[in-house]
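Undergrad: The structure is given below, and queries will be raised subsequently.
The values are calculated or read from the model by the stated rules, or taken from the named source; none is laboratory data. Because the structure is a prediction, the values reported are computed rather than measured. With ideal geometry, Cβ positions are generated from the backbone for all residues, glycine too; neighbour counts draw on all protein chains shown.
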Amino acid sequence: MAPQTFNPHRPTFDSRKSTLSVINLDSDDDKSDGDQTLTGDEFRDRFITPTPPSSQRPVQTKQDPEDDPHFKEQASLQYGGSTLKAGKTVELGDGDFIRMTMILQHRDTQVYSLRGLRFRRIRPLDDVLDYTLNEVVLLLRNDTADPRTITRQSTETVALHQIVRVRAMVKTNQLFPALSCGQSDASMGRDWTKNHSRLVCRWQFWYFSKNEGFLQALAEDACDSDYGVDSQGLRHTFRGNTTRGGSSANWLAGEEAFDKEEREGDNMIDLTIEAGPKQRYTFGDCYCCAGGASRGAKAARLHNIFGFDNNQAALTSFALNFFGAQCYCVDVYDLIKTLMDDFKVDVLHMSPPCKTYSPAHTRPGKNDETNEATFLATEELIKKTKPRIVTLEETFGLTRTLENQSWFKALLRMFSRLGFSSRWKVFDLCDYGLPQPRKRPIMVASWYVTICCTASGSRLIMKQQVLESRFLAFLSLRIVKQPTNTSFPSESHLPL
């Protein structure tokens, strides 16, 4: 056998062990797509001044003004009848806002300038959040070639002549409409409220690359004093009690024997791993087909508790492969009616019908309305299943055309209404074991995410580790067991 060429920037895949290197979400992905109409490009052009990809420029050490000996910091400054100092927010002539972190004065010219983080109203963000008056978003930058911290990268310098007025603003993790000015200042009129009432920031937008973004709810420790609330309390309001470490406390009777037979059976493709800890996160597979995503979830040590699809033959194969999982041969609206009100799952995966949003979809199809209606059911499905994490995979056409982007942005708005932070990136699944090029936007939405700011940039850490490489690798791989026939029982629920 000829030796394989090793590419240090490409994950390695060993079919014998079904293991993959960890996804580096900080790696440059300019090679992932040549299309210049992706949603990420629109975010970059409209939200944040673009910077060349890190792979196309040398690493340079950047000096901030506060590190320049030609500048000195001032505690405060009288300007336009107001006192400016760190912590205050000013409105700029371009409609954005700066929360000041320091005031600098040039030692030679005596000219003053402000340093701070930029905030933007929701409406210019092009429908990625539901528009509400005086709600703003913190804009953050992340250039992996820049050794500075995320805060340093995102801090801007503003001249005094750009200031319009001083504004009151609070940063909070409370869900809308808490602290909103809409009710309290309604009697003053819309224009007065827009120009003078309090601003509220609940979200921050991270720019990573043209195919990747992150809309994150503010964490409790990022809120202003007295405006943050307990994050776990917010989650409890959404889904009730949450079991640390996963809701599945033990292996089912017969499950370990099933897995052992699967690993040792003749003529089987071994895509499994040995039995792991007894406590696991539960997993639900929506539009599961034969269970490709579920196979990856199982390899990631999650416990599949249900799957649904309206394809009987595919669901028969699914039932043969996932011990104890409830199988529903229904459409999404019937599933929402079927599940009990107290039903909960830790991790919910969705691969909705993609034909309507595919780049190959060049003329109306007979199922377009049905597929769009299925997409619209996403919010009710999440409310019904109350997951801790949602993963979603779609055709990359969803982020490609302006028409399809409206559906993508509707997803972002839906997740934000429910309190979820959302991160998305376009992956080429051939980098994770699929034997053909297949670009897919993968979205992960969660109540709990952590950003680690280091000298080399930032890394998104999902505490539940759903987005580990095996999960991506098995999105489209074959199933171990195939049905001997395509018959399907009349019951929508298969007890295994």
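Undergrad: Do you know which residues across segment 101-145 are among the β-branched types (Val, Ile, Thr) and more than 26 Å from the chain's Cα centre (by Cα)?
TA: Going residue by residue through segment 101-145, those that are among the β-branched types (Val, Ile, Thr) are 101, 103, 109, 111, 122, 128, 132, 136-137, 144.
Of everything in segment 101-145, those that are among the β-branched types (Val, Ile, Thr) and more than 26 Å from the chain's Cα centre (by Cα) turn out to be Thr101, Ile103, Thr109, Val111.
Undergrad: Can you tell me which residue within segment 235-260, out of those that are in contact with a Phe, Trp or Tyr (Cβ under 6 Å, 6 or more places away or on another chain) and within 14 Å of Arg280 (Cα to Cα), is modelled with the highest pLDDT? So that I can check it myself, show each step before the final result.
TA: Taking segment 235-260 and keeping what is in contact with a Phe, Trp or Tyr (Cβ under 6 Å, 6 or more places away or on another chain), we get 235, 246, 255, 258.
Going one step further and asking which of them are within 14 Å of Arg280 (Cα to Cα), we end up with 246, 255.
Working: Gly246: 88, Glu255: 82.
Looking at residues that are in contact with a Phe, Trp or Tyr (Cβ under 6 Å, 6 or more places away or on another chain) and within 14 Å of Arg280 (Cα to Cα), I get Gly246.
Undergrad: What is the residue count in segment 153-179 for residues that are free of Cβ contacts under 8 Å to residues at least 40 places away in the same chain and closer than 24 Å to Asn142 by Cα?
TA: Residues of segment 153-179 that are free of Cβ contacts under 8 Å to residues at least 40 places away in the same chain, as a first pass: 153-154, 161, 178.
From the residues that got through so far, the ones that are closer than 24 Å to Asn142 by Cα too are 153-154.
Selection size over segment 153-179: 2.
Undergrad: Among (1) farther than 20 Å from Thr378 by Cβ; (2) in contact with a strand residue (DSSP E or B) (Cβ under 9 Å, 6 or more places away or on another chain); (3) at pLDDT below 80, there is one condition Ala455 misses while meeting the rest; what is its number?
TA: Evaluating Ala455 over (1) farther than 20 Å from Thr378 by Cβ; (2) in contact with a strand residue (DSSP E or B) (Cβ under 9 Å, 6 or more places away or on another chain); (3) at pLDDT below 80 leaves (2) as the failure.
Undergrad: Exactly one of these conditions fails for Phe420: (1) modelled with pLDDT under 90; (2) among the aromatic types (Phe, Trp, Tyr); (3) out of contact with any Lys or Arg (no Cβ under 7 Å at 6 or more places or on another chain). Give me its number.
TA: Looking at each condition in turn, Phe420 falls short on (1).
Undergrad: Would you confirm whether or not segment 376-396 contains a residue that is surrounded by 17 or more Cβ atoms within 10 Å (Cβ to Cβ) and at pLDDT below 75? It would help to see each step written out before you state the result.
TA: Going residue by residue through segment 376-396, those that are surrounded by 17 or more Cβ atoms within 10 Å (Cβ to Cβ) are 377-378, 381-382, 384-396.
Subset that is at pLDDT below 75: 395-396.
Yes, some residue in segment 376-396 is surrounded by 17 or more Cβ atoms within 10 Å (Cβ to Cβ) and at pLDDT below 75.
Undergrad: Look at Gly116 and say whether it is surrounded by fewer than 18 Cβ atoms within 10 Å (Cβ to Cβ) and in contact with a strand residue (DSSP E or B) (Cβ under 8 Å, 6 or more places away or on another chain). Before you say what the answer is, go through the steps one by one.
TA: Details: surrounded by fewer than 18 Cβ atoms within 10 Å (Cβ to Cβ): no; in contact with a strand residue (DSSP E or B) (Cβ under 8 Å, 6 or more places away or on another chain): yes.
It is false that Gly116 is surrounded by fewer than 18 Cβ atoms within 10 Å (Cβ to Cβ) and in contact with a strand residue (DSSP E or B) (Cβ under 8 Å, 6 or more places away or on another chain).
Undergrad: Looking only at segment 322-346, filter to residues that are closer than 23 Å to Asn250 by Cβ and either of a type in the set (Lys, Arg) or out of contact with any helix residue (DSSP H, G or I) (no Cβ under 7 Å at 6 or more places or on another chain) (or both); which one of those is surrounded by the most Cβ atoms within 10 Å (Cβ to Cβ)? It would help to see each step written out before you state the result.
TA: Within segment 322-346, the first condition is being closer than 23 Å to Asn250 by Cβ, and the residues that meet it are 322-327, 339-340, 342-346.
Pick out the ones that are also either of a type in the set (Lys, Arg) or out of contact with any helix residue (DSSP H, G or I) (no Cβ under 7 Å at 6 or more places or on another chain) (or both) and you get 325-326, 340, 342, 344, 346.
Numbers: Ala325: 24, Gln326: 19, Met340: 7, Asp342: 7, Lys344: 21, Asp346: 26.
Top of the filtered list is Asp346.
Undergrad: Cβ-Cβ below 6 Å, separation at least six or inter-chain, first residue in segment 94-105 and closer than 18 Å to Pro124 by Cβ, second of a type in the set (Ser, Thr, Tyr): which pairs?
TA: From residues that are closer than 18 Å to Pro124 by Cβ, the pairs are Phe97/Thr89; Arg99/Thr89.
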